[in-house]
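Accompanying notes for the structure given below.
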Amino acid sequence: MDDGILSVTASALWLMLPAYIANPTAAFFGGERFGKVVPLDMGKTIHGKRILGDGKTVRGTASGLACGILTAVLQTEATRYLGTGAFVAFPPAAMICMPAGALLGDMAKSFLKRRLGYERGAALLLADQLDFVAGAWALTYIFARGWFEAVFSFPVVIVVLIVTPLLHRLTNKLGYMIKVKKEPW
Ligand code: CTP
Ligand code: MG
């Protein structure tokens, strides 16, 4: 892999795609447009506050996970035709851990928000932009460490940390415009 800024950025986007797909598809499928909404925490509370809140649903989480895994599977299939370079294959553990970790990171943030007494939908600077990156990396580091260390070079990590908040702002504004999200963050 060469170190040009373009190829590093291409690697960063390629590697993060299954994680990037998970949360927006959870938002798309999790809402009321597809019928009854079942919150993941089943309405349970800790010290009078919801564990996760109504913003984390069974259908949204399952859909986000399925779409993220599907993305990684298709990417891996596509590497046969795209050759080497930025387009690396995902081992099965990474296919699951990147999207699952992204969703878990987002959930951990909701858990924290509820403990702090924030309403559903309240903004939490930086955590909103990088929660899912931290989750995806943590889970993948645990279950696919060899692959993680081989593909997430230092320059790739830096580009992910810079590009993700920008992409996040863009997609959330879009999600807000098409009414998938209630707030533009
Ligand atoms: N969503 C879901 N399941 C998830 C994540 C998101 O169903 N695991 C859906 C919910 O309908 C949620 C919407 O996507 O309302 C937007 O997600 P997000 O902004 O993460 O949730 P918030 O509603 O803002 O709630 P919170 O304050 O807990 O982040
Ligand atoms: Mg939100």
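The values are calculated or read from the model by the stated rules, or taken from the named source; none is laboratory data. Remember, it's a predicted structure, so these values are computed and weren't measured experimentally. Cβ coordinates were reconstructed from backbone atoms using ideal geometry, including for glycine residues, and neighbour counts include every protein chain displayed. These accessible areas exclude ligands, DNA and RNA; they are computed on the full protein's heavy atoms, side chains included. Shrake-Rupley method; radii C 1.70, N 1.55, O 1.52, S 1.80 Å.
Once you keep just the Cα pairs under 8 angstrom separated by 6 or more residues, what percentage relative contact order results for the stretch 103-155? All intermediate terms of the calculation are to be shown ahead of the outcome.
On the way: 27 pairs, mean separation 22.1, N = 53.
Across the stretch 103-155, relative contact order equals 42 percent.
Enumerate the aspartates and glutamates that LYS49 could reach by cross-link, defined here as Cα to Cα under 15 Å, with residues fewer than 8 away along the same chain left out.
List returned: ASP41, GLU119.
How big is the gap, in Å, between the Cα center of the stretch 99-154 and the Cα center of the stretch 32-48?
21
Under a 1.4 Å probe, what is the accessible area of the chain per residue, stated in Å²?
Accessible area per residue: 55 Å².
Cross-link candidates for LYS173: which lysines have Cα within less than 24 Å, leaving aside residues fewer than 8 places away along the same chain?
Candidates past the 8-residue exclusion: LYS56, LYS109, LYS113, LYS181, LYS182.
Excluding same-chain residues fewer than 8 positions from LYS44, which aspartates and glutamates have a Cα within less than 12 Å of its Cα?
In chain and number order, the partners are ASP54.
Convex hull over the alpha-carbon atoms of the chain: what's its volume per residue in Å³? Please report the intermediate quantities before stating the final value.
Details: hull volume 21.9 nm³, N = 185.
With only Cα atoms used, the chain gives 118 Å³ per residue.
So how much slack lies between ARG120 and TRP185, counting 0.36 nm per residue of separation and subtracting their Cα-Cα distance, in nm? Each step should come with its number before you reach the end.
Details: separation 65, 0.36 × 65 = 23.40 nm, distance 1.24 nm.
Length difference between fully extended and current span is 22.2 nm.
Do any trypsin sites (Lys or Arg not before Pro) in the stretch 131-181 lie in a DSSP loop with no more than 15 other beta carbon atoms within 10 Å, and if so, which? Numbers along the way, then the final one.
Working: sites: ARG145, ARG169, LYS173, LYS179, LYS181; in loops: LYS179, LYS181.
Of the trypsin sites (Lys or Arg not before Pro), the ones in loops of the stretch 131-181 whose Cβ has at most 15 other Cβ atoms within 10 Å are LYS179.
So for the stretch 115-185, Kirkwood radius off the Cα pairs, Stokes-Einstein at 10 °C and 1.306 mPa s: how many µm² s⁻¹? Please report the intermediate quantities before stating the final value.
Working: Rh = 13.9 Å.
The diffusion coefficient I find is 114 µm²/s.
Mean separation of Cα pairs under 8 Å and 6+ residues apart, divided by the residue count of the chain: what relative contact order is that in percent?
Working: 263 pairs, mean separation 46.5, N = 185.
Over the chain, the number comes to 25 percent.
How large is the Kirkwood hydrodynamic radius of the stretch 62-155, counting all unique pairs of alpha carbons, in Å?
Values: mean 1/r = 0.0695 Å⁻¹.
Result for the stretch 62-155, one decimal place: 14.4 Å.
Can you give me the % of accessible surface on the stretch 20-162 that is carbon or sulfur? Probe 1.4 Å, all protein chains present, nothing else counted. Write down the numbers at each step before the final one.
Values: 5260 of 7390 Å².
About 71 percent, which is the carbon plus sulfur part of the accessible surface.
Search the structure for amide H atoms under 5 Å from the amide H of THR57, placed 1.01 Å from N in the peptide plane, and list their residues when 5 or more places away or on another chain.
Here LEU40 satisfy the definition.
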